[in-house]
Amino acid sequence: MISAPFGAEYARSSRWSTFQRLYIRIFGVVDLPTRLRARLIRAEVSRARWKDMIDVASGTGNYAFYFARDQGKSIQAVEIDGSRVADATAIARRLGRTNLTFLSGDAATVLSGWPDNATDVITVIEALELFPDISALLRECYRILRPGGRLVIHVPVLDHLRPHGRFLISDTNLRQYVTDARFTMVTYKKTLGGLHRTLCKIYSGLQKSVTAVAVAFPFLLAAAMLYRGGSGDGDYRLIVAQRPSEGGR
């Protein structure tokens, strides 16, 4: 049974103080937007029947660590930042997660060497707009997924580029990227609107003070998790796309 909070594994990182490690073990990764995204993404991935996963642009590896809690699953995470890969690999080693591998390198290049029909799920979380060729990336994802496999994307749809962003994502071009890569759209919805947006703004305003964040975070997280309202005004999109099964091509 998975009971530890999302991101609790990251408490094993050598970059944290003793107090920070204890806090992360109790409350999980201390980032409210990340936690809200994670709840949505975990729910979507759990609906798929899968054994193997590739986490593209895995960052600090929190999604990979979470899904690797199930020793019956195999997760490979790709990240361009070598220091993050080294840190995550060390954590995985300390945890004994033999079903989890972190790979260093540009995701598009790494994926190009992957065999066809190799995995059941691919995740691209908060990273799609960073790639120089989104269409090429999604075509590679289609090729690597097994028939019936699913691609899970979470991405901002804003009126400005975020730091390091290469392309401005819109509802129009996002849908086009996915369908042009021959995927079937399963889920397309707005996220992080309503009360979630307000709570994230409060969290952002507290970040100048570590103490304020430490005190307020559990309460903000609890309020956000209890809220079940819609996100019709959200600035992010959650997409689940499926490679058609052999009979549906």
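Which one, I54, F183, L40, projects farthest toward the positive side of the charge dipole computed for segment 8-243 from Cβ point charges (K/R +1, D/E -1)?
With unit charges placed on the Cβ atoms, the residue in question is L40.
If you take every residue apart from P218 with its C-beta less than 14 Å away from the C-beta of P218, what net charge results, scoring Lys and Arg +1 and Asp and Glu -1?
On the way: positive: R25, R35; negative: D31.
With Lys, Arg at +1 and Asp, Glu at -1, the net is +1.
Determine the percent antiparallel among the DSSP beta bridges restricted to segment 131-249, to the nearest 5.
On the way: 14 of 14 bridges.
Among the beta bridges of segment 131-249, antiparallel pairing accounts for roughly 100 percent.
Under 23 Å from the Cα of K208, which lysines turn up, not counting those fewer than eight places away in the same chain?
none
Rounded, prolate or oblate: which one fits segment 157-208, using the alpha carbon gyration tensor with axes a ≥ b ≥ c (rounded when a/c is under 1.5, else prolate when a/b beats b/c, else oblate)? Walk me through the intermediate numbers first.
On the way: a/c = 3.53, a/b = 1.80, b/c = 1.96.
Because a/c hits 1.5 or more and a/b fails to exceed b/c, segment 157-208 counts as oblate.
Can you list the residues, at least 5 places off or on another chain, whose amide H is less than 5 Å from the amide H of G149, using H built in the peptide plane?
R243
Under 21 Å from the Cα of K73, which lysines turn up, not counting those fewer than eight places away in the same chain?
K51
³J(HN,Hα) across segment 39-46 via Karplus (A = 6.51, B = -1.76, C = 1.60, θ = phi - 60°), whole Hz, x for Gly/Pro?
Computed from phi, the couplings for segment 39-46 are 4, 5, 5, 4, 5, 5, 5, 5 Hz.
Computed from these coordinates, which is volume of the Cα convex hull per residue in Å³: [x] 167; [y] 132; [z] 141?
Only one listed value fits the structure, namely [y].
Each value in this text was obtained by applying a stated rule to the coordinates, not by laboratory testing. All figures in this text were calculated on a predicted structure; none of them were measured in a lab. Positions of Cβ are backbone-derived with ideal geometry, glycine not excepted, and every protein chain shown enters the neighbour counts.
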